[in-house]
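The values are calculated or read from the model by the stated rules, or taken from the named source; none is laboratory data. Note that the structure is a prediction, hence the values are computed from the model and not measured. All Cβ positions, glycine included, derive from the backbone under ideal geometry; neighbour counts span all protein chains shown.
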Amino acid sequence: MNLITTEWLNSNIDKVKIFDASWHMPSSKRSAKREFEKKHIKGAIFWDVDEHSDKDSPYPHMMSNSDYWAKMLWSFGIQNNDHIVVYDFSDTYSSCRLWFALKYFGHKKVSVLDGGMKKWLSEDRPTENKVNHDLGKFSNIDKLNPNTKYIVKENTKWIKNKKEIEENITNLSFQIVDARSKERFEGKVDEPRPGLKRGCIPNSINIPYKDCINVETNTFKKKHDLNKIFNKNKVDISKPIVFTCGSGMTACVLGMAYSIISGKNIMIYDGSACEYLKK
């Protein structure tokens, strides 16, 4: 159950663990954390993609290592058998990134709230501003029950590196699908981050991630409509696909769309344009 509805969450809110994974581009002048402190879904835990990415990497949003991930989830009080629901107050991409990350590290029951906070609020569903500031602090790990320690199982084949991407340009062992806008993909505009060239990975295909989302409700389009979008862009869902974007975020939206269509797990080029297009 990769996607759940607002109705389902409202009826099962006490049976799940909820993460608010909201993240905004710096140019938006919005603070996801401040918005969370003012209003969030009951019981939600704030998860900051910048805080929990690999800080040793020169590229943004790169996946942290398995030891960090295990300690981080344990500090949030998460257990391996919990059903985790992820939402955001963004445009779906940050919730899908956390969805992918949780599955990458072996969590079985993970769902994204279809429509996110925008749809939840549009339906006048309840929120709160109560925040547990102790959650997620590694200094509190010593206080936790060692019998509840979180165990990760990393699916390393789900993330591709630059070497694998470069080799694929000639051997074509998988399709590369880029979630950026058409203008960025075609090199007609600059990348929003400095120090990057224009353009795309050779032999890649472009499906802007927003094509998969209903603008009015912020929900994913229906399976048959998503299938049409992939077919229109000559993406063969029966063959391996690796998704890419600017920094590994919106690629996960396409990954969710692919998962809706195929029921399969997804693969991501984590470095994406930030690594591949570096000057």
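Assorted remarks:
- Meets criteria (surrounded by fewer than 18 Cβ atoms within 10 Å (Cβ to Cβ), in a helix (DSSP H, G or I) and basic (Lys, Arg)) for residue 55: no
- Scanning the range 124-139 for residues that are at pLDDT 95 or above, part of a loop (DSSP other than H, G, I, E, B) and surrounded by 11 or more Cβ atoms within 10 Å (Cβ to Cβ) yields 125, 127.
- Any hit, the range 195-204, residues being within 23 Å of residue 94 (Cβ to Cβ) and part of a helix (DSSP H, G or I): no
- Filter result for the condition that a residue is outside any strand (DSSP E or B), more than 18 Å from residue 270 (Cβ to Cβ) and modelled with pLDDT of 95 or more, over 33, 71, 108: 108
- When the range 196-221 is filtered for residues that are at pLDDT 95 or above and either over 20 Å from the mean Cα position of the chain (by Cα) or under 18 Å from residue 166 (Cα atoms) (or both), the ones remaining, listed by number, are 196, 197, 198, 199, 200, 201, 202, 203, 204, 205, 206.
- Complete set of residues in the range 174-191 that are crowded, with 22+ Cβ neighbours inside 10 Å and small (Gly, Ala, Ser): 179
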